[in-house]
Amino acid sequence: MRYDIAIIGSGPAALSAAINAKIRNKNIIIFGSKNLSNKLIKAPVVDNYLGLAHITGKDLMQSFKEHIEKMGLEIVNKKINNIYSMGDYFALMSGQEMFEATTVILGTGVEFTRAMVGEEEFLGKGVGYCATCDAPLYKGKKVAIIGHTPDAEEEANYINEIAEKTYYIPLYNLKNSSEIDGLDKNIEIISSRPTKIEGNEQHVNKLVFKEESIDIDGVFILKDSVSPKELVPGLDTEGAHIKVNRDMSTNILGCFAAGDCTGKPYQFMKAAGEGQVAGLSAVSYLDKIKKNN
């Protein structure tokens, strides 16, 4: 089916956009995490969210969950790896699955982790951000999975069914990597932080750590979110941020963005406000299409 609006993210910007679109009776789908936002979970106290003085991040997250549940909204726990503008609709890729939507709202947050040495150099030459997308290329080969979140464990298990050897580096839990029990038994866990990706002119061949290195044919770096430019080809950005107009529209017709991904200040209140604008702008865009047809 083709949705009216696809919303990428589950933080304040994305959820604010979702509830406003839902109020206007639009058919929406939300891609995100059941925990909503790592930034929310890690916030000890939030003092500047109007009407909710001195609330913890976890309590604010719970309020968000209760709100969307009362509105009948559900979050699809799938990672969108690429979004392509097809003219009158968007194709959203999640591994081997494809979803369609007339409009898209990006509420992806901003990626704070720096690229590893060699990451950008070998992108597309053995370095990738979606193991399920590129797994067939590594049948019978050696692959390293660098996981920034526990969600990466599922992709590691998937590629392990195809690869000859799979290494897993859990950056979210390096100190207690022995406690990770969601992986296939023959996946080798490395409890060290990688420092560099090496290779020849054509392809990756080595992942380097502080005191060792491993020979590999490919490495997947699985983060919370990919860069906007990589997520949506042709999207205008300024540094790490998406360029938007006052109505939160981007340079791509039908594509809107809100929250931290559009720039500072990185505040929950600002994100929620932009999400409302993005949601209403997407609704207005859809209504104009319907009227013209």
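The values are calculated or read from the model by the stated rules, or taken from the named source; none is laboratory data. This structure is a prediction, so every number in the text was calculated from the model and none was measured. Quick reminder, even Gly has a Cβ in these numbers, built from the backbone with ideal geometry, and neighbours come from all protein chains shown. Heads up: the accessible areas ignore ligands, DNA and RNA and are worked out on the full protein's heavy atoms, side chains in. Shrake-Rupley method; radii C 1.70, N 1.55, O 1.52, S 1.80 Å.
Considering Ser192, Ser177, the condition of being closer than 19 Å to Gly118 by Cα, open to solvent by less than 60 Å² (accessible area, probe 1.4 Å), out of contact with any Cys (no Cβ under 8 Å at 6 or more places or on another chain) and of a type in the set (Ser, Thr, Tyr) is satisfied by Ser192 alone. Within the range 121-129, the presence of at least one residue that is of a type in the set (Gly, Ala, Ser) and in a strand (DSSP E or B) is confirmed.
Answer yes if at least one residue in the range 34-47 is over 21 Å from the mean Cα position of the chain (by Cα) and at pLDDT 95 or above, and no otherwise. Give the derivation first.
Restricting attention to the range 34-47, the residues satisfying the condition of being over 21 Å from the mean Cα position of the chain (by Cα) are 44-47.
So of that shortlist, the ones also at pLDDT 95 or above come out as none.
No, every residue in the range 34-47 fails to be over 21 Å from the mean Cα position of the chain (by Cα) and at pLDDT 95 or above.
Among the criteria (1) in a helix (DSSP H, G or I); (2) of a type in the set (Asp, Glu); (3) free of Cβ contacts under 8 Å to residues at least 12 places away in the same chain, the one Glu153 does not fulfil is (3).
Of everything in the range 83-99 that's open to solvent by 20 Å² or more (accessible area, probe 1.4 Å) and in a strand (DSSP E or B), which residue is nearest to Ile289 (Cα to Cα)? The selected residue is Ser85. For the range 35-59, taking the residues that are of a type in the set (D, E, K, R) and in contact (Cβ under 8 Å) with a residue 12 or more places away in the chain, the one that is surrounded by the fewest Cβ atoms within 10 Å (Cβ to Cβ) is identified as Lys42.
Just one residue in the set Phe209, Phe268, Phe220 is of a type outside the set (Val, Ile, Thr), more than 30 Å from Ile169 (Cβ to Cβ) and surrounded by 13 or more Cβ atoms within 10 Å (Cβ to Cβ); that residue is Phe268.
For Ser225, the conditions (1) out of contact with any strand residue (DSSP E or B) (no Cβ under 8 Å at 6 or more places or on another chain); (2) modelled with pLDDT of 95 or more; (3) surrounded by 13 or more Cβ atoms within 10 Å (Cβ to Cβ) all hold with the exception of (2). The residues on offer are Tyr167, Tyr158, and the sole one that is in contact with a Ser or Thr (Cβ under 9 Å, 6 or more places away or on another chain) and in contact (Cβ under 8 Å) with a residue 12 or more places away in the chain is Tyr158. Scanning the range 115-170 for residues that are among the acidic types (Asp, Glu) and open to solvent by less than 50 Å² (accessible area, probe 1.4 Å) yields Glu119, Glu153, Glu155. When residues in the range 100-114 are screened for being surrounded by 17 or more Cβ atoms within 10 Å (Cβ to Cβ) and either part of a loop (DSSP other than H, G, I, E, B) or under 18 Å from the mean Cα position of the chain (by Cα) (or both), 10 of them pass.
Residue under question is Ile189, and the condition is that it be at pLDDT below 95 and β-branched (Val, Ile, Thr); does it hold? Break it down into steps so the answer makes sense when it comes.
On the way: at pLDDT below 95: yes; β-branched (Val, Ile, Thr): yes.
Judged against the criteria, Ile189 is a match.
Every condition in (1) open to solvent by less than 70 Å² (accessible area, probe 1.4 Å); (2) over 14 Å from the mean Cα position of the chain (by Cα); (3) within 18 Å of Thr113 (Cβ to Cβ) is met by Glu198 except one, and the failing one is (3).
Contact map, the range 266-286: first residue under 17 Å from Asn25 (Cβ atoms), second residue surrounded by 20 or more Cβ atoms within 10 Å (Cβ to Cβ) and among the charged types (D, E, K, R), Cβ cut-off under 9 Å, separation 6 or more or different chains; pairs are Ala282/Asp4; Val283/Asp4; Leu286/Asp4.
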